[in-house]
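**Q** Here it is: the structure, laid out below.
Laboratory data are not the source of any read-out in this text; all were calculated from the coordinates shown. Computed from a predicted model, the values in this text were never measured in an experiment. Cβ placement follows ideal geometry from the backbone for every residue including glycine, while neighbour counts extend to all protein chains displayed.
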Amino acid sequence: MDWLAEAVKQYEIVAVGGDIGELGLLYRIVDFAVGKQVFIVLGNHDYPIEEMFAAKSVLHGTSLKVGDFTMGGIGGSLPVYGGPLELDETELLILARNLGPVDLLVAHQPPIDTECDIVYEALGELGAKHIGSVAIRKYIEETQPLLALVGHIHESPGVDTIGRTVIVNPGPFMTGNYAEVEFEKGKVPKVELKKTGR
């Protein structure tokens, strides 16, 4: 919360990618976001409470205008690791299509087959595997948002592209990871993966 309070002073938009886990903290973040440029998607380890989805700052199959940009979000993940907010590919595709075209996508689940969705052990199987979403990749390929901020896969912080879309997975904030991104109409001139120093 201290980091978030400082971040809103220096960044135009702050996006929180989900898996807050603790319900009390999630409520605090949602309350804090009111009237500020803080936007949240819920992760697979967050509880899908109706009032959360009704909060303007929580994006889930919804989009809104933020300045000159349209921003949309998709929470939850594919059913691999467990958690209360898991969705199948059909559900993810419906949520994505409800967004329409956006400039900035915030999705907890990354698209499949990028540098941002690789795990090295999935369900007990060793070896590098891509476990991103086919539906989210399809949405990105079809609509080409300028930027897609993703999370969920802790061991794949990185930057990749799908067409003109820049995909960014900062890695888990619990270890201090975050991303600083500059974007403007038509381009993303800077992406920097950073650490809070915690």
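**Q** Of these, ILE118, ILE74, ILE136, ILE140, which one is over 24 Å from GLU22 (Cα atoms) and in contact (Cβ under 8 Å) with a residue 60 or more places away in the chain?
**A** After ruling out the rest, the residue left standing is ILE136.
**Q** In addition: Taking only the stretch 45-66 into account, find how many residues are assigned to a loop (DSSP other than H, G, I, E, B) and either closer than 13 Å to ASP103 by Cα or within 11 Å of the chain's Cα centre (by Cα) (or both).
**A** Here the count works out to 2.
**Q** To continue, here is another question. Of the conditions (1) in contact (Cβ under 8 Å) with a residue 60 or more places away in the chain; (2) in a strand (DSSP E or B), LEU42 clears all except one; give me its number.
**A** Condition (2) is where LEU42 drops out.
**Q** Among the candidates VAL188, VAL150, single out the residue that is among the hydrophobic types (A, V, I, L, M, F, W, C), touching a Cys at 6+ places or on another chain (Cβ under 9 Å) and within 20 Å of TYR11 (Cβ to Cβ).
**A** VAL150
**Q** So how many residues does the stretch 149-198 have that are assigned to a strand (DSSP E or B) and surrounded by 13 or more Cβ atoms within 10 Å (Cβ to Cβ)?
**A** Number satisfying all stated conditions: 21.
**Q** Of all residues in the stretch 67-94, count the ones that are over 14 Å from the mean Cα position of the chain (by Cα) and either outside any loop (DSSP other than H, G, I, E, B) or among the polar types (S, T, N, Q) (or both).
**A** The total comes to 8.
**Q** Something else now. Here are LEU99, LEU95: which of them is touching a residue at least 40 places away in the same chain (Cβ under 8 Å), crowded, with 19+ Cβ neighbours inside 10 Å and touching a strand residue (DSSP E or B) at 6+ places or on another chain (Cβ under 9 Å)?
**A** After ruling out the rest, the residue left standing is LEU99.
**Q** If you go through the stretch 23-39 one residue at a time, do you hit one that is surrounded by 20 or more Cβ atoms within 10 Å (Cβ to Cβ), touching a strand residue (DSSP E or B) at 6+ places or on another chain (Cβ under 7 Å), touching a residue at least 40 places away in the same chain (Cβ under 8 Å) and in a strand (DSSP E or B)?
**A** yes
**Q** Which residues, taken from the stretch 1-22, are of a type in the set (A, V, I, L, M, F, W, C) and either part of a helix (DSSP H, G or I) or surrounded by fewer than 17 Cβ atoms within 10 Å (Cβ to Cβ) (or both)?
**A** Answer for the stretch 1-22, where residues must be of a type in the set (A, V, I, L, M, F, W, C) and either part of a helix (DSSP H, G or I) or surrounded by fewer than 17 Cβ atoms within 10 Å (Cβ to Cβ) (or both): MET1, TRP3, LEU4, ALA5, ALA7, VAL8.
**Q** For the stretch 139-159, name all the residues that are charged (D, E, K, R) and touching a strand residue (DSSP E or B) at 6+ places or on another chain (Cβ under 8 Å).
**A** Selection gives GLU141, GLU155.
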